[in-house]
Every structure is written in structure tokens, then in C-alpha cells.
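Below: the structure, in C-alpha cells.
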Amino acid sequence: GQDEVDLIGLAAGRIALAVDRAQAYQAEQSARMRLELLARTSDVLGESLDFHAALGDLVHLIVPHLADWCAVDVIEANGSHSISVAHSDPAKVELARELVRRYPPDPDDAVGASVLRRGGSDVDAGVPAAFVERAARDDEHRAILRGLGMRSVIVVPLTARGRTHGT
């Protein structure tokens with residue numbers, strides 16, 4: 001009857017308000033987390049003049065808040081090399097380190113090199129098998145990439161004063 005319809009309508013309205021409050025609370029918590037992370041990032045970068053140490057600390061700070069794993073590669077006079085690697089899954093930390101140890105950054109690599117050349121970011125929201133195939137240098141490299149279980153990839157240039165220093 002109409003009484004039941006009205007009651008269900010009232011309940012639905014209360015549920016909608018609860019959902020709206022929960023979403024607002026989540027948005028506030030997310031914004032607070034981003035601000036806290038930004039403040040901690042500033043602290044980490046201001047603690048040391050040794051950029052290798054600062055970037056290493058930064059990598060460990062952002063994982064797992066912004067990424068499952070992260071590697072920072074820097075271009076220096078003697079070529080590119082990884083400064084730091086971190087992974088949120090302790091079982092995969094060594095796999096991530098093995099990736100950067102055995103397959104150091106290659107400036108001619110089709111996946112990361114375009115970021116260095118263009119200075120813009122590459123974002124792949126979904127990592128299809130074709131991405132792994134395109135990025136893999138050989139079968140062992142392919143196995144490591146698959147083992148890391150990437151779901152998305154972001155390659156961001158480290159740029160200061162008009163010069164890209166790495167990714």
C-alpha cells in the first residue's frame with residue numbers, strides 16, 4: 001500500500017544521505033592523506049643535500065601510498081642508473097630490484113625513452129599483455145615484468161630548470 005511505499009521512500013532518502021556523507025568523508029580523508037604525504041615529501045627532500053639519499057627516502061615514502069612499486073632512474077655523465085627501488089609486497093622487493101639491476105634504463109627503450117625525449121609523462125591505466133611484450137628485452141625480462149603484476153604504469157620525468165634528469 002501507499003504507507004509502505006512512503007516508508008520505503010523515507011528509508012531510501014536516509015540511505016542516500018548516509019551514502020552522500022560517507023562519500024564526503026572519504027573525499028576529505030583522501031585530501032587529508034594527500035596533504036600529509038605532500039608535507040612529508042617536503043620534509044624528506046629538505047633533510048639531505050645528497051639527492052641519491054633524498055630520492056631513496058622519497059621512493060620508500062610514496063610506496064605504498066601512491067604506488068605498489070617505484071623505481072627512480074637518473075641520467076648522469078656515466079649513463080642512466082636506478083637510484084632506488086621499493087615495492088609494497090615484501091615478496092616482490094627482490095624481483096623489482098632484480099629488474100633494475102639486470103635491465104638498467106635504456107635511453108633507446110621505446111617505453112621510457114619517449115618520456116626522456118618529450119619531457120612529458122606516460123600513463124597506461126591498464127597494462128595489457130602487449131605493453132609487457134613491447135617493453136620486454138628478452139624472455140627473462142618478460143618473466144620479471146609479469147611477476148611484478150603491474151596493473152598500470154606511470155613514467156614521469158624528473159625535470160628541473162628545463163633539463164630532464166631522469167624518470
Query raised in the report: What strands (runs of 3 or more DSSP E) lie completely within the range 113-167 and have 2 or more residues being open to solvent by 30 Å² or more (accessible area, probe 1.4 Å)?
Result: 122-124, 158-160, 163-166
Query raised in the report: Residues in the range 119-167 that are in contact (Cβ under 8 Å) with a residue 24 or more places away in the chain and basic (Lys, Arg): how many?
Result: 3
Query raised in the report: In the range 1-15, which residues are of a type in the set (D, E, K, R) and open to solvent by 90 Å² or more (accessible area, probe 1.4 Å)?
Result: Asp3, Glu4, Arg14
Requested in this report: Scan the range 36-54 and report the pairs whose first residue is closer than 21 Å to Asp73 by Cβ and whose second residue is open to solvent by 70 Å² or more (accessible area, probe 1.4 Å) and part of a helix (DSSP H, G or I), with Cβ atoms within less than 8 Å and a gap of 6+ or a chain change.
Outcome: Val44/Asp57; Ser48/Asp57; Ala54/Leu45; Ala54/Glu47
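For (1) out of contact with any Pro (no Cβ under 6 Å at 6 or more places or on another chain); (2) within 16 Å of Ile154 (Cα to Cα); (3) open to solvent by 70 Å² or more (accessible area, probe 1.4 Å), each residue gets a yes or a no:
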site: Leu17; (1), (2), (3): yes, no, yes
site: Arg40; (1), (2), (3): yes, no, yes
site: Pro64; (1), (2), (3): yes, yes, yes
site: Ala71; (1), (2), (3): yes, yes, no
Report task. State whether one or more residues within the range 4-25 are part of a helix (DSSP H, G or I) and in contact with a strand residue (DSSP E or B) (Cβ under 6 Å, 6 or more places away or on another chain). Result -> no
Query - Which numbered condition Ala77 fails, given (1) open to solvent by 40 Å² or more (accessible area, probe 1.4 Å); (2) modelled with pLDDT of 85 or more - result: (2)
Report summary line: Subset of the range 47-91, residues of a type in the set (Val, Ile, Thr) and in a loop (DSSP other than H, G, I, E, B), comes to Val63
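The values are calculated or read from the model by the stated rules, or taken from the named source; none is laboratory data. Note that this is a predicted model, so its numbers are computed, not measured. So basically every Cβ, Gly included, is an ideal-geometry build from the backbone, and we count neighbours across all protein chains shown. Please note that ligands, DNA and RNA were not included when accessible areas were found on the heavy atoms of the full protein model with its side chains. Shrake-Rupley method; radii C 1.70, N 1.55, O 1.52, S 1.80 Å.
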